[in-house]
Amino acid sequence: TWDRAANHTHGNISDDGQIGAAIGRIITTGLGGTLQAMAGNEAGEMLYWSGTQWIRLSPGIDGQSLVFKDGKPTWWPEVTGSNVVVNHATGRVWMDRNLGASRIATSSTDASSYGYLYQWGRDGDGHQLRSSGTTNKQSTDNTPGHDKFITVSFIPTDWRNPQNNNLWQANGTNNPCPSGYRVPTRAEWEFERLSWKSDDPAGAFGSVLKLPMAGRRGSTTGSLFDVGTVGCYWTSTVELFGSFYLNIENAGINEADVEFQSGDRASGRSVRCIKE
C-alpha cells in the first residue's frame, strides 16, 4: 500500500506490478496513478523525480552523506576533481596525499608518499624539493625569487626577515595548495586526530588520510632528519616566533606519540591540504 502524504489517499500495487524486474519498473494503480522508473547502471547510482523527469544521480564516495540542497538530493561534502578523500567522522574533505607525493601511502614508510618539505609560509617555488640547494640569505619579501632552501641559525629562525604572520592564512598569501584548498589550522588537525583509532603512527596511517612518516628538513643546515620514523605536518596557526605543526612518532616512555609542537618556520615539514 502506498500513502500519499499530501492528502493521505491510498493506491494499491496492481496484480501485474513488478518490483526488481529486468527494467526496474514499478507500477501503481488507482489514486496513486502509474509510475515507471528505470534502474541505475552502476552500484550506488540513484534516480530522483525533478517534477518533470527522472534525473540520474551518480554514486557518491566513501564518507559522503545524501542531503537535500535547493530541494535536490546532493552528495555532501561536495568533491570536485580527483585525489581527494572525505572523513565521514568529521565531514571534512582533504587531499588524499601529501603535497608532492606521487601516490597515497601504502605504509607509514612508503617513500613515494612522503612528498615535499615546505618552509612555513613559502609557496611552491622549488625550495620544497628534498634535494633543493641551500642559501643562508634571508628574504625580505614573501617571494624570495629563487628555489633554494633558506637556512637560519639564529632567533627568530624564519626564512623571512621581518617575519610575516599572515602567510598561509585563509585567503592569505603564498597558499601552496591547489585552488579551493589550503593549509589546515591547528584546530582542524586536532578535530581530525580525534577520529583516529589510536594516537600514534599506526593510528595516523590507519586513518582515511593515510599519513606517512615523511621526516623533516633542518632549519640550520637543510639536512634531512627522521625520514621513516617521524611525521611532521604544518598547520597555518602561528605561535610567537614559530608556527604549530602536528608531530607523529613512536615516542619514549612518558612522552606523547602525537602532539602539537611549535616549530621554526625555516624548518621543512610536510603539508596536507584541506578543502576550504
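Look at H88 and say whether it is open to solvent by 50 Å² or more (accessible area, probe 1.4 Å), at pLDDT 75 or above, of a type outside the set (G, A, S) and in a loop (DSSP other than H, G, I, E, B).
Numbers: open to solvent by 50 Å² or more (accessible area, probe 1.4 Å): yes; at pLDDT 75 or above: yes; of a type outside the set (G, A, S): yes; in a loop (DSSP other than H, G, I, E, B): yes.
The answer is yes for H88.
Per-residue answers, yes or no, for (1) over 23 Å from W168 (Cα atoms); (2) surrounded by fewer than 21 Cβ atoms within 10 Å (Cβ to Cβ):
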site	(1), (2)
P212	no, no
T221	yes, yes
D226	yes, yes
T229	yes, yes
S243	no, no
N247	no, yes
N250	yes, yes
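Residues that are open to solvent by 30 Å² or more (accessible area, probe 1.4 Å) and touching a residue at least 24 places away in the same chain (Cβ under 8 Å) within the stretch 112-128 comprise Y116, D123, G124, listed in sequence order. I'd like the full set of residues that are assigned to a helix (DSSP H, G or I) and without any contact (Cβ under 8 Å) to a residue 12 or more places away in the chain, limited to the stretch 181-223. The one that is assigned to a helix (DSSP H, G or I) and without any contact (Cβ under 8 Å) to a residue 12 or more places away in the chain: G206. Scanning the stretch 252-276 for residues that are among the small types (G, A, S) and surrounded by 20 or more Cβ atoms within 10 Å (Cβ to Cβ) yields a count of 5. Does the stretch 168-188 hold any residues that are among the aliphatic types (A, V, I, L, M) and crowded, with 18+ Cβ neighbours inside 10 Å, and which are they? Listed by number, the list holds a single entry, V183.
Of the residues in the stretch 62-76, how many are more than 19 Å from L211 (Cβ to Cβ) and either modelled with pLDDT under 65 or not in a loop (DSSP other than H, G, I, E, B) (or both)?
We begin by selecting, within the stretch 62-76, every residue more than 19 Å from L211 (Cβ to Cβ); these are 64-76.
Of the ones still in play, those that are also either modelled with pLDDT under 65 or not in a loop (DSSP other than H, G, I, E, B) (or both) are 65-69, 72-76.
Selection size over the stretch 62-76: 10.
Filtering the stretch 198-215 for residues that are under 24 Å from G121 (Cβ atoms) and among the basic types (K, R) leaves an empty set.
The values are calculated or read from the model by the stated rules, or taken from the named source; none is laboratory data. On a predicted model such as this, the values are computed, not experimentally measured, just so you know. Reconstructed Cβ throughout: ideal geometry from the backbone, glycine too, with neighbour counts over all protein chains shown. Side chains are part of the model used for accessible areas, which takes the heavy atoms of the whole protein and leaves out ligands, DNA and RNA. Shrake-Rupley method; radii C 1.70, N 1.55, O 1.52, S 1.80 Å.
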